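Let me begin by presenting the structure, written as structure tokens, before commenting on it.
The values are calculated or read from the model by the stated rules, or taken from the named source; none is laboratory data. No experiment lies behind these values; they were computed from the predicted model shown. Cβ placement follows ideal geometry from the backbone for every residue including glycine, while neighbour counts extend to all protein chains displayed.
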Amino acid sequence: MEPLNHDLHRHPGSEELARALYVAHGAALQHWSRGRFGDPQVAEEVVQEVVLAAWRRYHQFDPERGTERAWMFGIAHNVAATRHARGRRHLRSIATDVPPEVALDDADMTRVVERSLIVDGMQSLSSEHRAVIIAAFWDRLSTHEIADRLGIADGTVKSRLHYALRALRGALEERKVL
């Protein structure tokens, strides 16, 4: 996706830029946020935070480093991580009876956020591609076993796996996981 109208770039603090960012990326960010948080209201708050942050820092966007959408999803990833960390601090303050060995550290929270981004990336794949990735990496089946399970040729499994991994990589790069 190309950057927004160049006239808007001349006035990066304009309300028109914020509206244009929301129109261009709001639906995709909303879908992503709903998958992360499960609550439509929280998802909308996240989208608003992302658009506001992008609007404030639009001067930092560099089309040479990636697409505008990828940049927006990078901001979304940071907003989600911050919200998860805030939630964890809040839970620590109200759950004083939880033993310390059960508490999540920052590395655990980062893994949770990254896993949710991977799940979202998997959901963006076709059902055929998702099936071969799940069989190969979660169920640890060989290509022959996958072919038997799905009732398709070995070569088809290899081809689907190749294209599925390529699509998943693209989805994860867009979400700044890779």
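What to note about this one:
- Evaluating residue 151 against the criteria (1) buried (at least 16 other Cβ atoms within 10 Å of the Cβ); (2) on the phi > 0 side of the Ramachandran plot leaves one unmet condition, (1).
- Residue list for region 33-68, restricted to those being touching a residue at least 60 places away in the same chain (Cβ under 8 Å) and under 11 Å from the mean Cα position of the chain (by Cα): 35, 36
- The residue that is farthest from the chain's Cα centre (by Cα), among those in region 117-129 that are at pLDDT below 90 and not hydroxyl-bearing (Ser, Thr, Tyr), is 125.
- Taking the listed residues 49, 114, 64, the one that is modelled with pLDDT of 75 or more, part of a helix (DSSP H, G or I), among the acidic types (Asp, Glu) and in the same structural domain as residue 20 (by TED's automatic domain parsing) is 49, with no other qualifying.
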